[in-house]
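Notes follow the structure.
Laboratory data are not the source of any read-out in this text; all were calculated from the coordinates shown. Computed from a prediction, not measured in an experiment: that's the story for all the values here. Heads up, the Cβs are rebuilt from the backbone with ideal geometry, glycines too, and the neighbour counts pull from every protein chain shown.
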Ligand code: CUA
């Protein structure tokens, strides 16, 4: 029994270090009925922002049946923090070839850290059944080379593929 416990712990440590998997931690709650009324996830803040210390944060709103922004713009090969909330029911998203894979549960902020190695366009589908429009719910992640990303603008306002 003890061996099994240690084997499971070893798997957790291995996947955390090797694959960048993140266990749910520091659970952060939010009132999902009010996320669009102001605060961190108000419309103007959705997208990619760069803080004064250079940290890149992407804020995403999931709602039936779309992600906002529809096309997420991020720089390649830089640590990126994703923060997502739902405005209604349980959603989720995954970006193939990365460690980005999370549920977005109403009432909680889903946070994960990643780094997109290669520039390119990646599909980000919703992977939790969320209603009749579920299969049409997806976003795009556009990873651009560092010198193509509007860092200067992103310190002032959240950017996305259309607003850059
Ligand atoms: Cu949102 Cu399925």
Hull shadow area, averaged, region 23-151 [alpha-carbon convex hull, nm²]: 7.6
Residue among 129, 151, 67 with the largest mean-square fluctuation in a Gaussian network model of the chain, springs linking Cα atoms under 10 Å: 129
C-alpha center-to-center spacing [region 68-106, region 1-58] in angstrom: 10
Relative contact order of the chain, pairs being alpha-carbon contacts under 8 Å that are 6 or more residues apart, as %: 25
Helix 2-19 vs. the chain, principal-axis angle (Cα, 0 to 90°, nearest 10): 20
Choice from 60, 144, 85 showing the highest fluctuation, given a GNM over the chain with Cα pairs closer than 10 Å: 144
Antiparallel %, DSSP beta bridges [both residues in region 1-125], to 5: 70
Residue order, fewest to most beta carbons within 10 Å, for 112, 46, 17: 17, 112, 46
Relative exposure of 51, 42, 86, judged by other C-beta atoms within 10 Å (fewest first): 51, 42, 86
